[in-house]
Amino acid sequence: MFKKMNAIILLCSICFLSCKEAKKEVTEEKAKPKVSLKNTFKDDFLIGAALNTAQYKELDTVQTNLIESEFNSITPENDMKWEQIHPQKDTYFFDNADAYVAFGQKNKMNIVGHTLLWHSQLAPWVSTIKDIKVLEQEIEKHINTIAGRYKGKIDAWDVVNEALNEDGSPRESHFYKVFKGESYIDLAFSLAAKADPNAELVYNDYNLWKPAKKEGVIRIVKNLQAKGIKIDGVGMQAHWSVEGPSIEDIENSIIAYSELGVKVMFTELDVTALPNPWELDGAAVEQSYERYENDPKMNPYSNGLTEEAKQKIAKRYEDIFNLLLKHKDKVSRVTFWGVNDGQSWLNDWPIKGRTNYPLLFGRDNNPKDVYYNVIGLKNQVK
Ligand code: XIL
């Protein structure tokens, strides 16, 4: 009997001790900061992703966990654009934008607003306004209502998107034509500054590495500064390919913009590996190349990337991130245009129905090899 009691006590003690051990392990596991993009670059810049509606509405748990663990900044891929949020003169649609902002707040993320003024994805009713006074009033109402609603909640607004041609001259958008010049940019930035004084205000565009287009950005920024109108950053969209632009051109732009005294942000980074029907220049969303749809030559990796293509992408991402790290004192945020390859707009632009691999997470939401190449750079940078 006595022996039996002893055996039970011994068994209980072993059990108790090993449970305690296991508990300790779990706590230690939790305390270790997880390897992630946001942790890896936490002393360098914010790491962001553009989210589609399903993502910030948390419709897929795997993606929600991924977004929350990897990114500390978010941008709405489409849901704050004029046609979405203000489709008719007196009709606003805030449900999605509200949910987007709430998701960012819940996760204490840097929340980007994209975008207040853009010629593309503009509500059709705005394009019918030909009178400058009326257009001024409508822009004022639009910016006051939207930037005002999210005052104190949005960390950075892309105030004006894509106001330049490739040679740096002003794009002849609807706004430009009605205002007969670029003063609509002044108006938009002044209104945004008033509506949400603490938000960072950004001019955002593609191909800002181009020397000629760079001159256009410098003109816009200097003009605002000369008039005492607040501008805090230049957003380089960064829709790039494995071939270009050159690291040197990107670097020259980073330096030139930062010399203006504004932050440089990479706002829409992705790297295409697919052939492009290149008479195409830039990233203007209205361009489309229907004649290439279903052409297998234009969609070479529909069954997966070759080893060679994978390595090219990995090398390209390494070169880009090495440059960004070199200029981490000037670069405040790096945002990917999407979370995983499956959702990327580059599967359907500029040619519909292709299979592209421009991001760091695959269609299964797992990190790809290139993800580890990027993370690995931090151990090599002095
Ligand atoms: C793209 C979205 O990703 C697509 O879903 C949409 O169909 C078109 O617009 N520059 C920008 C982004 O500033 O808003 C664009 O986003 C990509 C180019």
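The values are calculated or read from the model by the stated rules, or taken from the named source; none is laboratory data. This one's a predicted model, so the numbers in the text were calculated from it and none came from an experiment. Cβ atoms come from the backbone with ideal geometry, glycine included; neighbour counts cover every protein chain shown.
For region 303-317, the count of residues that are modelled with pLDDT of 95 or more and within 16 Å of the ligand (Cβ to nearest atom) is zero. Among all positions in region 320-332, there is at least one residue which is within 20 Å of residue 369 (Cβ to Cβ), more than 16 Å from the ligand (Cβ to nearest atom), modelled with pLDDT of 95 or more and not hydrophobic (A, V, I, L, M, F, W, C). Restricting 134, 112, 126 to those that are closer than 25 Å to residue 174 by Cβ, without any contact (Cβ under 8 Å) to a residue 12 or more places away in the chain and of a type in the set (A, V, I, L, M, F, W, C) reduces the list to 134. Quick check: is even one residue across region 218-234 within 15 Å of the ligand (Cβ to nearest atom) and within 20 Å of residue 110 (Cα to Cα)? Yes, some residue in region 218-234 is within 15 Å of the ligand (Cβ to nearest atom) and within 20 Å of residue 110 (Cα to Cα). Apart from one condition, residue 200 fits all of (1) out of contact with any helix residue (DSSP H, G or I) (no Cβ under 9 Å at 6 or more places or on another chain); (2) crowded, with 16+ Cβ neighbours inside 10 Å; (3) on the phi > 0 side of the Ramachandran plot; the exception is (3).
Could you check region 87-100 and list, in sequence order, the residues that are within 16 Å of the ligand (Cβ to nearest atom) and either surrounded by 15 or more Cβ atoms within 10 Å (Cβ to Cβ) or in a helix (DSSP H, G or I) (or both)? Give the steps one after another, and end with the answer.
To start, the set of residues in region 87-100 that are within 16 Å of the ligand (Cβ to nearest atom) comprises 87, 96-97, 100.
Scanning region 87-100 gives 96, 97, 100.
Hey, among the residues in region 333-367 that are over 15 Å from the mean Cα position of the chain (by Cα) and not in a loop (DSSP other than H, G, I, E, B), which one's nearest to the ligand (Cβ to nearest atom)? Please lay out each step first, then the result.
Within region 333-367, the first condition is being over 15 Å from the mean Cα position of the chain (by Cα), and the residues that meet it are 342, 347-357, 362-367.
After this cut, where a residue has to be not in a loop (DSSP other than H, G, I, E, B) as well, the list is 342, 347, 367.
On the way: 342: 13, 347: 10, 367: 22 Å.
Of everything passing the filter in region 333-367, 347 is nearest to the ligand (Cβ to nearest atom).
Given the options 83, 58, 68, name the one that is within 14 Å of the ligand (Cβ to nearest atom), charged (D, E, K, R) and either touching a His at 6+ places or on another chain (Cβ under 8 Å) or modelled with pLDDT of 95 or more (or both).
Working: 58 fails: within 14 Å of the ligand (Cβ to nearest atom); 68 fails: within 14 Å of the ligand (Cβ to nearest atom).
Going through 83, 58, 68 in turn, the sole match is 83.
Residue 143 passes every criterion in (1) within 16 Å of the ligand (Cβ to nearest atom); (2) in contact with a strand residue (DSSP E or B) (Cβ under 6 Å, 6 or more places away or on another chain) apart from (1).
Looking for whichever is surrounded by fewer than 16 Cβ atoms within 10 Å (Cβ to Cβ) and not polar (S, T, N, Q) here; the options are 301, 292, 357, 317. Which one fits?
Only one candidate passes the filter, namely 301.
When 190, 173, 183, 120 are checked against the criterion of being at pLDDT 95 or above, out of contact with any helix residue (DSSP H, G or I) (no Cβ under 8 Å at 6 or more places or on another chain), hydroxyl-bearing (Ser, Thr, Tyr) and closer than 18 Å to residue 85 by Cα, 120 stands alone in meeting it. Within region 67-110, which residues are within 22 Å of residue 39 (Cα to Cα) and charged (D, E, K, R)? Those that are within 22 Å of residue 39 (Cα to Cα) and charged (D, E, K, R): 68, 70, 106, 108.
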